[in-house]
Amino acid sequence: MRIRPAVPADLPVLLEIYNDAVVRTTASWDLAPWTPVEHAEWYATKAEHRHPILVAESDGEVLGYAAYGPFRPKAGYAATMEHSVYVRPGHQGKGIGRALLVAVIEAARANGVHALIGGLSSDNEVSMRLHLSLGFVEVGRLPEVGRKFDRWLDLVLLQLIL
Ligand SMILES: CC(C)(COP(=O)(O)OP(=O)(O)OC[C@H]1O[C@@H](n2cnc3c(N)ncnc32)[C@H](O)[C@@H]1OP(=O)(O)O)[C@@H](O)C(=O)NCCC(=O)NCCS
């Protein structure tokens, strides 16, 4: 497996991976799948601001990706980024998420990011454990700020100072 920057040809697979998480899980709090147009806008914004999208590839197949972007829009937050990581169903639990998270941390460090924030649904035990094992620290817990699948969701904010 290798990790490399995403290219436009990856977009359909990245959209498929993301939308699977939207419709089946609380990893994303989007309630409806993204359209290809929305997804292309997301990619273009990342490219415009030189925010990385890293993909994990094995035998020519994209198995997951990680990315970061602004935590909050105001200028004073410029050195703080919020990241995300998604691994294709069927390939989870094989170390791909860990490799992607390590790579996105390294990219953030290389790009002068000072703090990385992960916003996790409190029921996402796998992601929680993964982040804590890489040095992220819980800095906030916001009860019942999300709603999906007819239940309230708690947001956990995890932080890594780089
Ligand atoms: C969360 C996610 C990114 C983790 O990636 P992954 O490739 O599945 O996880 P890894 O194989 O790298 O394992 C990471 C850790 O979680 C543990 N883990 C993985 N799958 C697990 C499972 N199904 N049950 C329990 N523990 C599990 C591993 O043991 C590992 O811990 P260790 O390194 O201490 O042994 C991935 O499962 C995923 O994309 N899930 C759906 C989307 C999502 O939740 N994204 C994160 C949003 S914050």
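The values are calculated or read from the model by the stated rules, or taken from the named source; none is laboratory data. This one's a predicted model, so the numbers in the text were calculated from it and none came from an experiment. Every residue, glycine as well, gets a Cβ built from its backbone with ideal geometry; the counts of neighbours run over all protein chains shown. Note: areas computed on protein heavy atoms with side chains; ligands, DNA, RNA excluded. Shrake-Rupley method; radii C 1.70, N 1.55, O 1.52, S 1.80 Å.
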**OP:** Report the dimensions of the chain along its three principal axes from the alpha-carbon atoms, largest first, rounded to Å.
**Re:** 40, 38, 31
Subject >> Selection from 26, 53, 133, by position along the positive dipole direction of the chain (Cβ) >> reply: 133
**OP:** Just the number, please: carbon plus sulfur as a percent of the accessible area of region 2-161, 1.4 Å probe, no ligands or DNA/RNA counted.
**Re:** 55
Original post:
Could you give the dipole magnitude of the chain about its Cα centre, charging the beta-carbon of Lys and Arg +1 and that of Asp and Glu -1, in debye to the nearest 20?
Top reply: 400
Original post:
Loop-only check: which chymotrypsin sites (Phe, Trp or Tyr not before Pro) in region 1-94 are DSSP coil with at most 15 other Cβ within 10 angstrom?
Top reply: 29
Subject >> Heavy-atom SASA rank of 116, 142 (probe 1.4 Å, accessible area, largest first) >> reply: 142, 116
**OP:** Could you tell me which trypsin sites (Lys or Arg not before Pro) in region 5-91 are loop residues by DSSP with no more than 13 other beta carbons within 10 angstrom of their beta carbon?
**Re:** 50, 74
Original post:
Hey, rough spin-label estimate for residue 77 and residue 94, points 7 angstrom out along Cα→Cβ, what's it come to in nanometres?
Top reply: 3.6
